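Heads up: the structure comes next, in structure tokens.
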Amino acid sequence: MSNSGRAHRGLLLVISSPSGAGKTSLSRRLIAEFAQLELSVSATTRRPRLGEVDGREYHFVDRVRFEAMVANDEFLEWAEVHENCYGSPRAPILERLAAGADVLFDIDWQGAQQIRAAARADTVQVFILPPTLEALAGRLRSRASDAPDVIERRLARAREEIGHWVEYDYVIVNDDFDDAYARLAAIYRAERERRERNLWLDGFVGGLLGEG
Ligand code: 5GP
């Protein structure tokens, strides 16, 4: 029996990894496959990369605006990463959860910690590891829009990010994209099936036992 259209308690699916481990591609594919899963579009003070569109990858804002959003408590979590600020705007997330959707976050370990602290029972956290650090460096270098010193700093930070792997519920090594994706989709599917997220079951079982 399909659960679609039945009352569901939304989950917050957090995916973290060092930059270049493939988390963004994995997240995009998951969003494309599952209609009830929506991406939380973060606000950032970082400049757009080539091809990034305001409101799609990020809401690009300046520091003054970002700090005003922090002061107004507009973020569910926020953090400074690579000398830029990133935050998950609270209002659209609460609105999507209230509508019965699940929300996916592509955020770093600092944000993951904050979301865990705020909503542990509703949070599922997945960490993506690269197969080797060399593979990670290669992917960072192929992103032509970042300068060499930026890439070196990102590599140093990758080691720091990887150090937080034990804080996550699930860990996936992305040595093969299709395989890593299949694991991620399996985790999401299973987590959606958890009893406490399927609010409709209560009435359903009541009906079952009331039969005849
Ligand atoms: P990038 O600049 O490469 O798009 O992202 C840099 C890092 O910031 C990535 O690890 C990304 O997951 C993280 N990030 C993006 N948005 C947010 C956010 O809203 N909050 C936090 N804590 N991290 C974020």
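The values are calculated or read from the model by the stated rules, or taken from the named source; none is laboratory data. Please read these numbers as outputs of a predicted model, since none were measured by experiment. All Cβ positions, even for glycine, are placed from backbone atoms using ideal geometry, and neighbour counts span all protein chains on display. The area values use the complete protein model at the heavy-atom level, side chains included, leaving out ligands, DNA and RNA. Shrake-Rupley method; radii C 1.70, N 1.55, O 1.52, S 1.80 Å.
When a/c is below 1.5 the answer is rounded, else prolate if a/b is larger than b/c, else oblate, so apply that to the range 1-117 with a ≥ b ≥ c taken from the square roots of the Cα gyration tensor eigenvalues.
On the way: a/c = 1.87, a/b = 1.46, b/c = 1.29.
It comes out prolate by the Cα gyration axes.
Do any GluC sites (Glu not before Pro) in the range 74-147 lie in a DSSP loop with no more than 12 other beta carbon atoms within 10 Å, and if so, which? Please report the intermediate quantities before stating the final value.
Values: sites: E74, E77, E80, E83, E95, E134; in loops: E74, E83.
Counting only loop positions with at most 12 other Cβ atoms within 10 Å, the GluC sites (Glu not before Pro) in the range 74-147 are E83.
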Among P148, P131, P89, determine the one that fluctuates most according to a GNM of the chain built with springs between C-alpha atoms less than 10 Å apart. P148
Plugging the Cβ-Cβ distance of D175 and R29 into 1/(1 + (r/R0)^6) at R0 = 22 Å yields, to the nearest 0.05, a FRET efficiency of 0.85
Once you compute Rg and the Kirkwood Rh from C-alpha atoms, what is the Rg to Rh ratio for the range 23-66? 1.04
Debye equation applied to the C-alpha atoms of the range 70-212, log10 I(q)/I(0) at 0.13, 0.17 Å⁻¹: -0.75, -1.15
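Assign unit charges at the C-beta atoms only (+1 for Lys and Arg, -1 for Asp and Glu), then state the dipole size of the chain relative to its Cα centre in Debye, rounded to the nearest 20. Please list the in-between numbers first.
Working: 28 positive and 34 negative charges, 37 e Å.
In total the dipole reaches around 180 debye.
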Put +1 on the Cβ of every Lys and Arg and -1 on every Asp and Glu Cβ in the range 28-99; which of I93, V81, V53 then has its Cα farthest towards the positive end of the dipole? V53
C-alpha long axis of helix 148-162 to longest principal axis of the chain, angle in °: 40 degrees
Using the heavy atoms of the protein chains alone and a 1.4 angstrom probe, what is the accessible area of the chain per residue in square angstrom? 53 Å²
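Please sort by residue number the trypsin sites (Lys or Arg not before Pro) in the range 13-53 whose DSSP state is loop and whose Cβ has at most 12 other Cβ atoms within 10 Å.
Numbers: sites: K23, R28, R29, R46, R49; in loops: R46, R49.
Passing both the DSSP loop test and the Cβ count: R49.
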What list of ³J(HN,Hα) values in whole Hz, one per residue of the range 172-189 in order, does the Karplus curve 6.51 cos²θ - 1.76 cosθ + 1.60 (θ = phi - 60°) give from phi, with Gly and Pro shown as x? 10, 8, 8, 8, 9, 4, 5, 5, 4, 5, 4, 5, 4, 5, 5, 4, 4, 4
In the range 20-61, the GluC sites (Glu not before Pro) that fall in loop regions by DSSP, at most 16 other Cβ within 10 Å: E52
The chain: most fluctuating residue of V124, V41, V70 per GNM, C-alpha cutoff 10 Å: V70
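Only Cα pairs under 8 Å and at least 6 apart count here; give the relative contact order of the range 12-195 as a rounded whole percent.
Details: 262 pairs, mean separation 58.4, N = 184.
So the answer I get is 32 percent.
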